[in-house]
Amino acid sequence: MKKLMAANWKMYKNQNEAEDTVNELCKLLQNTDKNDREALIFAPFTCIAKAHAAIKNSVPLSIGAQNFYPAKDGAFTGEISAHMLREIQAAWVLVGHSERRSVFNESLQLVEEKLLFALNEGFKVVFCVGESLEEREAGKLQQVLETQLQSLQHISKDINTEHVAVAYEPVWAIGTGKVAGPDEIVEAHAMVREALIKNMGSKGAETRILYGGSVKPDNAANIIKLDNEDGVLVGGASLQAESFAQIVLA
Ligand code: PGA
């Protein structure tokens, strides 16, 4: 399976900036010999349609949404449904990002509901897990990952493993410039792999595991070659086309 190189634009960019960035990115990703890479951008809602329309046919790039509410429709003021996202060509959704868990108080239960709802609706999902600094210092890394990954036991046994990827993002490395070291990434990804196999059987052995947290053009190549490393999820360094292209092709 291809390495999944994902961008999370968070709450940045207007529509024109998004279109310009995708245009530039497509130029940079066209005609490369790295055929084992698949790129993905989690764009703000208002940028999804324009970003998608700007993709050149030959470039393996998809657009996803950073959030949605797990209900078909209803009285949910301010929320957006999976159906609305499909209409504007979002193919992927991000679930369980630490900013959603901490800033917006998304519970384990809500995160699980979103995971199952999105997969049932035919979306592909990047499912984020990761420990806070306090949890790491208290020796709770494995426990936190196991708890967060338990939701995967409820997904269909027939899941197409190209449709779900787990992003291990230590909370202390997100937006801090403090990237996890290779040993820390390998250790955590081994724990994630073990939990995936426990919860998903043989499908868990194939599911892609991404690393996220201060990935930059100068550290991406070293990260991507580690064991159990099938891609990255990039925030800050994904906003500029050139910087993200360097990461995608690292
Ligand atoms: P960062 O963000 O690359 O800016 O650390 C990663 C993320 O939030 O997914």
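The values are calculated or read from the model by the stated rules, or taken from the named source; none is laboratory data. None of these values were measured; they are calculated from a predicted model. Using ideal geometry, Cβ is built from the backbone for each residue, glycine included, and neighbour counts are taken over all protein chains shown. SASA here: full protein model, heavy atoms, side chains in, ligands and nucleic acids out. Shrake-Rupley method; radii C 1.70, N 1.55, O 1.52, S 1.80 Å.
Under conditions of 25 °C and 0.890 mPa s, segment 1-132 yields 159 µm² s⁻¹ as its translational diffusion coefficient, taking Rh as the Kirkwood radius over Cα pairs in the Stokes-Einstein equation. Across the options LEU141, ILE224, LEU249, the greatest Cα extent toward the positive end of the charge dipole of the chain (unit charges at beta carbon of Lys, Arg, Asp, Glu) belongs to LEU249. Annotation: per residue accessible area for the chain equals 46 Å², rounded to a whole number [probe 1.4 Å, protein chains only].
Summing Cβ point charges (Lys, Arg +1; Asp, Glu -1) relative to the Cα centre of the chain gives a dipole of roughly 420 debye. Ordering ILE55, VAL179, PHE123 by Cα displacement along the dipole of the chain toward the positive end leaves ILE55 in first place; charges were set at the Cβ atoms of Lys, Arg (+1) and Asp, Glu (-1). About its Cα centre, segment 136-247 has a charge dipole of approximately 200 debye under the convention of +1 per Lys or Arg Cβ and -1 per Asp or Glu Cβ, with nothing else charged. For segment 196-203, in order, what is each residue's ³J(HN,Hα) by Karplus, 6.51 cos²θ - 1.76 cosθ + 1.60 with θ = phi - 60°, in whole Hz (x at glycine and Pro)? Coupling constants for segment 196-203: 4, 5, 4, 8, 10, x, 5, 4 Hz.
Highest mean first, the peptides 8-18, 88-98, 236-246, 68-78 sorted by other C-beta atoms within 10 Å per residue fall in the order 88-98, 236-246, 8-18, 68-78.
Converting the Cα gyration tensor eigenvalues of the chain into ellipsoid dimensions via √(5λ) gives semi-axes, longest first, of 25, 22, 17 Å. Working note: Cα gyration tensor of segment 158-250, eigenvalues times five, square-rooted, sorted largest first, giving semi-axes of 24, 15, 11 Å. Under 5 Å between amide hydrogens, which residues at least 5 positions from ARG208 or on another chain qualify, with H placed 1.01 Å from N in the peptide plane? Here the answer is VAL166, since their amide H atoms fall under 5 Å of that of ARG208. For segment 1-127, the share of accessible area belonging to carbon and sulfur comes to 49 percent (1.4 Å probe, ligands and nucleic acids excluded). Each part gets one Cα centre, and for segment 198-250 versus segment 48-92 those centres are 22 Å apart.
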